[in-house]
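Visitor: Below: one structure in structure tokens.
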Amino acid sequence: MNCALSGEVPEEPVVSKKSGLLFEKRLIERHISEYGKCPVTGEPLTADDIVPVQTGKIVRPRPAQAASIPGMLGMFQLEWDSLMLANFAMEKQLHTARQELSHALYQHDAACRVIARLKKERDEARSLLAQAERQIPAAQSVVAANASVHSNGTPVADDQQGPGASNIRPGISASILEKMTECNVTLSQQRKMRQISPTLAPVDALERYTLISSHPLHRTSKPGILSIDIQSNKNLIATGGVDTNAVIFDQPSGQIISTLSGHSKKVTSVKFVGRDDMFISGSADKTVRIWQGSDDGNYNCRHILKDHTAEVQAVTVHATGDYFVTASLDSTWCFYNIASGLCLTQVEDASASEGYTSVAFHPDGLILGTGTSEALVKIWDVKGQSNVATFEGHVGAITAIAFSENGYFLATAASDGIKLWDLRKLRNFKKFTPYDAEPTNCVEFDYSGNYLAAAGSDIRIIQTASVKSEWNTIKTFPDMSGTGKATSVKFGPDANYIAVGSMDRNLRIFGLPGVDGAMES
């Protein structure tokens, strides 16, 4: 007996009371629920009109194809053919998906090239606009006041100004000098009343400092960190690298805040400005860039300064936070207004043949120190842009100079080690040779003036003292980079940690393990 619907032997047979026809229960119930009538006779039919038929266990007969070997082979052939067709369809879909993906990647690459070109054009337009903004007020000022440009106190003709001769230098005005003098008086008075901070790290704590974190901030293709600066009030660390980038790093969280790209050669010097979230970078591409921080943590380039004709080696910011000075291998240093990016004066040293390698403001702001590639340290009066003292005795280029916060001492570094100078008597009173034949790449006082750090083939922390007392090394950190060349070192707030840059891509933090703000790498 076969089902009147499927023509097969039913598993659960039922009979219609009205027509007497046999059906598969699940099939007839579904038909009744949809149509409400007999599928054969068309008479009205309900679920109550079908009666189950009690039968023995029904064994389905084997299909005719499976009853013989040729039939089974044919069945297998049909299944294989259907499988191959399905596989072909999937391969066709995969090929289509790959073509769509390739087209999307091509469009993305084209969009990236267009964006890069637009960014380049935007930066060039900003640079031209910045130059125009610097030239227009300068020209107006010169025409109105008939101001002359000075080089080391001597008037210079337009065709003898050297680097940037086409840009008119308005000079350091009387109002700026007055502002700097007021700052000098204020800082001098505050220094006399200043006490050592109770939170300053003591000597026994520095003796226990160890490596607490290491952060790969720069590219592996061009490793090397050449400069470090720290913004103490926000605990931000800036690094300048051989890979042409400057990186802003948040020390407490261990996260990169922003990577500043734009220089075409290595970044030789980085400096935070004490206010307005501004940042300055100098580069071997002969330019200086002024960056403005935004609320989202990114930094945008406000000015590109092209007044030098050789590598910019160092940058230093005045205590007012309104001015900064750059030193270059073109034997000039430039005094800039930060807000406008205007070069107020460019001072050329006619006696120098190889240029400046380092620069630093005295803490009071009216004295400027520069180091030359000819092993000379020169002290300048900023008011008159005149060379008031020259320190000799080093061997090789001056790699770094640093004034102590008390204003009495100057530390200088070169190939032959470190020299300490008494600014009151203008003499050298102490010399260190920490690295024998290796040069000292960096020297840095902490803000309190109690510690001096030196970087070379290792990093050394020296406790400062008076002119006649011993300056003792209290801690030596090995160079963990494997390059044997630590290039920069900087004290954190209250000397609670020490940031070190070397000729690999990692910024290393030394301090006490477990102290708040220290992150394990």
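The values are calculated or read from the model by the stated rules, or taken from the named source; none is laboratory data. For clarity, every value in this text was computed on a predicted model and none was experimentally measured. Note that we place each Cβ from the backbone using ideal geometry, even for glycine, and neighbour counts take in every protein chain shown. Note: accessible area is taken over every heavy atom of the protein model, side chains too, but ligands, DNA and RNA are not part of it. Shrake-Rupley method; radii C 1.70, N 1.55, O 1.52, S 1.80 Å.
Visitor: I'm trying to understand the selection: among the residues of the stretch 422-480, which are more than 25 Å from the chain's Cα centre (by Cα), among the acidic types (Asp, Glu) and open to solvent by 30 Å² or more (accessible area, probe 1.4 Å)?
Guide: Residues satisfying the conditions are Asp436, Glu438, Glu470.
Visitor: Cβ-Cβ below 6 Å, separation at least six or inter-chain, first residue in the stretch 490-515 and of a type in the set (Ser, Thr, Tyr), second open to solvent by 40 Å² or more (accessible area, probe 1.4 Å): which pairs?
Guide: Final answer for the pair search is Ser502/Thr483.
Visitor: Would you point out which residue out of Ile509, Ile474 is within 25 Å of His218 (Cβ to Cβ) and not hydroxyl-bearing (Ser, Thr, Tyr)?
Guide: Numbers: Ile474 fails: within 25 Å of His218 (Cβ to Cβ).
Result of the check over Ile509, Ile474: Ile509.
Okay, residues lined up against (1) touching a Leu at 6+ places or on another chain (Cβ under 6 Å); (2) among the aliphatic types (A, V, I, L, M):
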{"residue": "Asp322", "(1), (2)": "no, no"}
{"residue": "Ala327", "(1), (2)": "no, yes"}
{"residue": "Ser340", "(1), (2)": "no, no"}
{"residue": "Glu348", "(1), (2)": "no, no"}
{"residue": "Gly355", "(1), (2)": "yes, no"}
{"residue": "Ile367", "(1), (2)": "no, yes"}
{"residue": "Glu374", "(1), (2)": "no, no"}
{"residue": "Ile379", "(1), (2)": "no, yes"}
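Visitor: Continuing with this model, one more query. Restricting the search to the stretch 280-289, which residues are closer than 25 Å to Lys179 by Cβ and open to solvent by 10 Å² or more (accessible area, probe 1.4 Å)?
Guide: If the condition is that a residue be closer than 25 Å to Lys179 by Cβ and open to solvent by 10 Å² or more (accessible area, probe 1.4 Å), then Arg289 is the only one that fits.
Visitor: If we scan the stretch 342-359, do we find a residue that is in a strand (DSSP E or B), touching a helix residue (DSSP H, G or I) at 6+ places or on another chain (Cβ under 9 Å) and among the hydrophobic types (A, V, I, L, M, F, W, C)?
Guide: yes
Visitor: Residues being charged (D, E, K, R), farther than 14 Å from Gln346 by Cα and not in a strand (DSSP E or B): count how many of those fall in the stretch 375-397.
Guide: Count: 1.
Visitor: Related question: Among the residues that make up the stretch 148-169, is at least one of them open to solvent by 50 Å² or more (accessible area, probe 1.4 Å), hydrophobic (A, V, I, L, M, F, W, C), over 30 Å from Thr476 (Cα atoms) and modelled with pLDDT of 75 or more? Before the answer, list the steps.
Guide: So in the stretch 148-169, the residues open to solvent by 50 Å² or more (accessible area, probe 1.4 Å) come out as 148, 150, 152, 154-155, 158-160, 166, 168.
Now restrict to residues that are hydrophobic (A, V, I, L, M, F, W, C): 168.
Keeping just the survivors that are over 30 Å from Thr476 (Cα atoms) gives 168.
Those left that are additionally modelled with pLDDT of 75 or more: none.
No: the stretch 148-169 contains no residue that is open to solvent by 50 Å² or more (accessible area, probe 1.4 Å), hydrophobic (A, V, I, L, M, F, W, C), over 30 Å from Thr476 (Cα atoms) and modelled with pLDDT of 75 or more.
Visitor: On to the next question. Restricting to the stretch 367-407, name every residue that is buried (at least 19 other Cβ atoms within 10 Å of the Cβ) and in contact (Cβ under 8 Å) with a residue 60 or more places away in the chain.
Guide: Listed by number, the residues that qualify are Val382, Gln385, Ser404.
Matching residues to (1) of a type in the set (A, V, I, L, M, F, W, C); (2) closer than 26 Å to Leu329 by Cα; (3) in the same structural domain as Val325 (by the TED database):
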{"residue": "Leu226", "(1), (2), (3)": "yes, yes, yes"}
{"residue": "Thr244", "(1), (2), (3)": "no, yes, yes"}
{"residue": "Gly254", "(1), (2), (3)": "no, no, yes"}
{"residue": "Lys271", "(1), (2), (3)": "no, yes, yes"}
{"residue": "Ala284", "(1), (2), (3)": "yes, yes, yes"}
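Visitor: Which of (1) assigned to a loop (DSSP other than H, G, I, E, B); (2) under 20 Å from Gly254 (Cβ atoms); (3) open to solvent by less than 60 Å² (accessible area, probe 1.4 Å) is the odd one out, the single condition Gly514 does not satisfy?
Guide: Unmet condition: (3).
Visitor: Is the stretch 485-500 home to any residue that is part of a strand (DSSP E or B), surrounded by fewer than 16 Cβ atoms within 10 Å (Cβ to Cβ) and touching a helix residue (DSSP H, G or I) at 6+ places or on another chain (Cβ under 9 Å)?
Guide: Filtering the stretch 485-500 for residues part of a strand (DSSP E or B) gives 486-491, 497-500.
Going one step further and asking which of them are surrounded by fewer than 16 Cβ atoms within 10 Å (Cβ to Cβ), we end up with none.
No, the conditions are met nowhere in the stretch 485-500.
Visitor: Next question. Which ones in the stretch 219-272 are part of a strand (DSSP E or B) and open to solvent by 60 Å² or more (accessible area, probe 1.4 Å)? Don't jump to the end; show me each part of the working.
Guide: Residues of the stretch 219-272 part of a strand (DSSP E or B): 225-231, 236-241, 246-250, 255-260, 267-272.
Gln255, Ile256, Ile257, Thr259, listed by residue number.
Visitor: Continuing with the same structure: Would you check if there is a residue in the stretch 278-290 being at pLDDT below 90, in contact with a strand residue (DSSP E or B) (Cβ under 9 Å, 6 or more places away or on another chain) and outside any strand (DSSP E or B)?
Guide: Within the stretch 278-290, not a single residue is at pLDDT below 90, in contact with a strand residue (DSSP E or B) (Cβ under 9 Å, 6 or more places away or on another chain) and outside any strand (DSSP E or B).
Visitor: Then there is this: Would you mind telling me which numbered condition in (1) modelled with pLDDT under 90; (2) under 24 Å from Trp291 (Cβ atoms); (3) small (Gly, Ala, Ser) Ala400 fails?
Guide: (1)
Visitor: Let me ask something else about it. When you go through (1) touching a residue at least 60 places away in the same chain (Cβ under 8 Å); (2) more than 28 Å from Ile461 (Cα to Cα); (3) open to solvent by 40 Å² or more (accessible area, probe 1.4 Å) one by one for Ala174, which number turns out not to apply?
Guide: Ala174 satisfies all of (1) touching a residue at least 60 places away in the same chain (Cβ under 8 Å); (2) more than 28 Å from Ile461 (Cα to Cα); (3) open to solvent by 40 Å² or more (accessible area, probe 1.4 Å) except (1).
Visitor: Here's another thing I want to ask about it. Whether any residue in the stretch 323-340 is more than 29 Å from Arg126 (Cα to Cα) and not aliphatic (A, V, I, L, M) is what I want to check. Let's see the steps before the verdict.
Guide: Our first condition is that a residue be more than 29 Å from Arg126 (Cα to Cα); within the stretch 323-340, this holds for none.
No - not one qualifying residue is present in the stretch 323-340.
Visitor: Search the stretch 294-313 for residues that are within 17 Å of Leu260 (Cβ to Cβ) and pair each with any residue that is open to solvent by 30 Å² or more (accessible area, probe 1.4 Å) when their beta-carbon atoms are under 6 Å apart and the residues are at least 6 apart or on different chains.
Guide: Gly297/Ile257; Asn300/Gln292; Cys301/Gly262; Arg302/Gln292
Visitor: Given (1) open to solvent by 20 Å² or more (accessible area, probe 1.4 Å); (2) among the polar types (S, T, N, Q); (3) not in a helix (DSSP H, G or I), where does Gln190 come up short, assuming only one miss?
Guide: It fails just one condition, (3).
Visitor: Would you confirm, using the coordinates I've provided, whether Arg302 is at pLDDT below 95 and out of contact with any strand residue (DSSP E or B) (no Cβ under 9 Å at 6 or more places or on another chain)? Please lay out each step first, then the result.
Guide: Values: at pLDDT below 95: yes; out of contact with any strand residue (DSSP E or B) (no Cβ under 9 Å at 6 or more places or on another chain): no.
So Arg302 does not fit the description; no.
Visitor: Checking the structure you have, find out if any residue of the stretch 447-460 is over 30 Å from Val247 (Cα atoms), out of contact with any helix residue (DSSP H, G or I) (no Cβ under 8 Å at 6 or more places or on another chain) and either assigned by the TED database to the domain that holds Ile248 or among the small types (Gly, Ala, Ser) (or both). Please lay out each step first, then the result.
Guide: Going through the stretch 447-460, the residues over 30 Å from Val247 (Cα atoms) turn out to be none.
Within the stretch 447-460 (the criterion being over 30 Å from Val247 (Cα atoms), out of contact with any helix residue (DSSP H, G or I) (no Cβ under 8 Å at 6 or more places or on another chain) and either assigned by the TED database to the domain that holds Ile248 or among the small types (Gly, Ala, Ser) (or both)), the answer is no, since none of the residues qualifies.
Visitor: Return only the number of the condition from (1) among the basic types (Lys, Arg); (2) open to solvent by less than 90 Å² (accessible area, probe 1.4 Å); (3) at pLDDT below 90 that Lys25 does not satisfy.
Guide: Here Lys25 clears every test but (3).
Visitor: For Gln292, work out the one condition from (1) under 28 Å from Ile136 (Cβ atoms); (2) in contact with a helix residue (DSSP H, G or I) (Cβ under 7 Å, 6 or more places away or on another chain); (3) open to solvent by 10 Å² or more (accessible area, probe 1.4 Å); (4) not aliphatic (A, V, I, L, M) it doesn't fulfil.
Guide: (2)
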